[in-house]
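Only one structure is covered here, and it is reproduced in the block below.
The values are calculated or read from the model by the stated rules, or taken from the named source; none is laboratory data. These numbers were taken from a predicted model, which means no experiment stands behind them. We place every Cβ from the backbone using ideal geometry, glycine too, and count neighbours over all the protein chains shown.
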Amino acid sequence: MTRTRSARTAPGDRAPRQAARPGRTAAAAGLLAAGCVTWAAVPVPGPGAAGDLLLAVASACAVFGTARLAVGHESDESRTFLDPVARAARTVADLIRAVPWAEGLVVAVLVLEALHRSRPWHTGLLGAALIAYLSAVHLAESRAAPAVLRPQAPLIAAGLGLLALAAGAAYLPAATGSSADLMAVLAALAAVVVGALALPA
Amino acid sequence: MRRVRLAWAPSAHAQRLVTLALAALIIAVATRRPEFAGVAAPAVLLLAARRGGRPGQIGVGARTSSARLTEGQDAELDVTVTGPGQHSVDLIMHPRHAVVPGAGGARRGAADGPGVDASVPFRVTRSGRRNLGVLGITLRDRLRLTEGQARIELPAVDCYPRPAAQRSRVVLSRLPSRLGEHPSRSAGEGLEFTGVREFVPGDRQRRINWAATTRLGRLQLNTFAAERTQNVVLIADASSEVGDPGSTPSDLALRGCAAAARAYLAVRDRVGLVVYQNGLRWVSPGAGTRQYYRILDLMVAGRSPGGPLARADALSRLPRAALPPGSLILVFTPLLDRRLVETLRDLRERGFSVLIVDVLNAEPTGSSDSLSGLARRIWRMEQDAIRFSLRQLGIPLVRWDGEQTLDEPLAPYTRRVMVSHR
């Protein structure tokens, strides 16, 4: 049996090395979201009206996504005897919880980046920031300490290596003909594999 | 320990990674820009490393650390989870009404080992039988991409009212002839000196007052007051749930009764309780620690929902054992129930010594228009009239707001004995 530490730890019991700090993690997620949106949007003015729209959507997703982390989990307490203001606040909090803001931000930021001209290292850094943002969102949501992500670290490091390779490959002369088609087919296959991995096992 | 089935699904983190990977790959294909495929790489690698081997069921046991809880007391829910395998365990308590999770409401268990023991702190803020709520159990794999969810209903706990502070006691002038700790008017074998009288054969020689004997030339004897006990019947009017939850007249009445019971039982008085709520429940006067817990149990039982509506005149039909003649009757009531007011008048006319502690701490709320203001004024005048009529009958009435100690409002009646009427 493994005993988890309770609120009152016994004398001599070691304190957890890295305690969960949901407030700090949520703040970090908010900052990362703001950074991602800004990074994808520069240079401003962006690429036309679509860019402006995507920037607005991404900004809204960043704000409401941070608000979602701040409001926390839904309470089971009855609302019957709440005053109208408290009831309205609960309803707004429910609406904020219902929308997947983080997913919206990821899509909006990537499309916004794609609207710009090709800038591989810029895109690579954006990808790394997005992974960091998603990790921060997960930590804030699950009220977990950063140490729980340690098993993911080697995989993320390998993925970032591939990201660097891809960004470097983008500087090579553009592929033409059959090699370009082969690359497109490989990317499409990878998309199918990701879809399959997303299905419940 | 019960077996609970787990519902497994990709975690929210995994869903977000899928979104990132799909969006990046689609853009990569559509724009033929390989750097976007690279953006998808970390997410794809993480998703590809997901493993199977998940337990379908786990064993969960939950019990409170203390069998008896008091309002506001910190307690812990001890939870044992068996069979999580190599998964981490997160516990989150979803409390029901009047239950507040303590600091760090969620607890996590380590992934290694056959099971996990965890303590979830909580606090019950109102007395009565309280349902603790639901415990959410989440198992996560090492990469936190798959989650197994289960929820179990937590047991109900009995929470006793938190006694208010009370040190002084109201003592009647006429006490039944039973040994106790209150000095009475009659002479006896107590410790309190009452006077000196002439020695008569048969008196105990050790009580001779030698100074007075020398002065008067005849044997003089010290006399002492007899020490008696008294019967105290507490009436808790828990029928009015007005005002803020946690400080309603019902809460105050129960806290006041708990304080009075503790104070009188400490000096070996016999204390009984009548709870007037969804029904009329009582416990006959008795002494000792066991009686104190009998009284608290009655308070908790009185707050359970259901039961027929009480008839206040049933108070006058209580058996003699529950309402012994000559008892001091302490009533904690907001005086909102007319039937109870009439019964108190009747008790007074039957010769009981009644003292009312008014615990009304709320007023009707409404808009600020003139009609509402007029209604509130009429309501206040009616309440004043009720209290005036009770005082005219000779029933002492004091106000208690639940914040101050009970000694303050009762001070005029605790400094000297309260004259009992016949």
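Matching residues to (1) touching a Ser or Thr at 6+ places or on another chain (Cβ under 9 Å); (2) under 23 Å from A:P47 (Cβ atoms):
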{"residue": "A:L112", "(1), (2)": "no, yes"}
{"residue": "A:S118", "(1), (2)": "yes, yes"}
{"residue": "A:Y133", "(1), (2)": "no, yes"}
{"residue": "A:R143", "(1), (2)": "yes, no"}
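For B:R377, the stated conditions hold: it is assigned to a helix (DSSP H, G or I) and surrounded by fewer than 11 Cβ atoms within 10 Å (Cβ to Cβ).
Of everything listed in (1) hydrophobic (A, V, I, L, M, F, W, C); (2) at the interface with chain A (Cβ under 7 Å from one of its Cβ atoms); (3) in a helix (DSSP H, G or I), the single unmet condition for B:A30 is (2).
Taking the criterion of being crowded, with 24+ Cβ neighbours inside 10 Å, in contact with a Phe, Trp or Tyr (Cβ under 9 Å, 6 or more places away or on another chain) and more than 14 Å from A:A164 (Cα to Cα), the only residue of region B:28-46 that qualifies is B:A28. Would you point out the residue of region B:93-111, among those that are surrounded by fewer than 19 Cβ atoms within 10 Å (Cβ to Cβ) and either part of a strand (DSSP E or B) or in contact with a helix residue (DSSP H, G or I) (Cβ under 9 Å, 6 or more places away or on another chain) (or both), that is modelled with the lowest pLDDT? Only one residue tops the list, namely B:P101. Screening region B:33-58 for residues that are of a type in the set (V, I, T) and out of contact with any strand residue (DSSP E or B) (no Cβ under 8 Å at 6 or more places or on another chain) and picking the one that is farthest from the other protein chains (Cβ to nearest Cβ) gives B:V44. Per the conditions (1) more than 30 Å from B:Y160 (Cβ to Cβ); (2) of a type outside the set (A, V, I, L, M); (3) at pLDDT below 90, the sole criterion not satisfied by B:E241 is (1). Among the conditions (1) modelled with pLDDT of 90 or more; (2) within 14 Å of another protein chain (Cβ to nearest Cβ); (3) assigned to a loop (DSSP other than H, G, I, E, B), the only one that B:P163 does not satisfy is (2). Tell me which helices (runs of 4 or more DSSP H) are completely within region B:186-304 and hold 3 or more residues being surrounded by 23 or more Cβ atoms within 10 Å (Cβ to Cβ), or say none if there are none. Qualifying helices (runs of 4 or more DSSP H): B:249-266, B:289-302.
Of the residues making up region B:121-160, those that are surrounded by 17 or more Cβ atoms within 10 Å (Cβ to Cβ), among the aliphatic types (A, V, I, L, M), within 14 Å of another protein chain (Cβ to nearest Cβ) and within 30 Å of A:S135 (Cα to Cα) are B:L135, B:I137, B:L139, B:L143, B:L145. Considering only residues in region A:115-125 that are under 18 Å from A:A34 (Cα atoms) and at the interface with another protein chain (Cβ under 7 Å from one of its Cβ atoms), the one that is surrounded by the fewest Cβ atoms within 10 Å (Cβ to Cβ) turns out to be A:G124.
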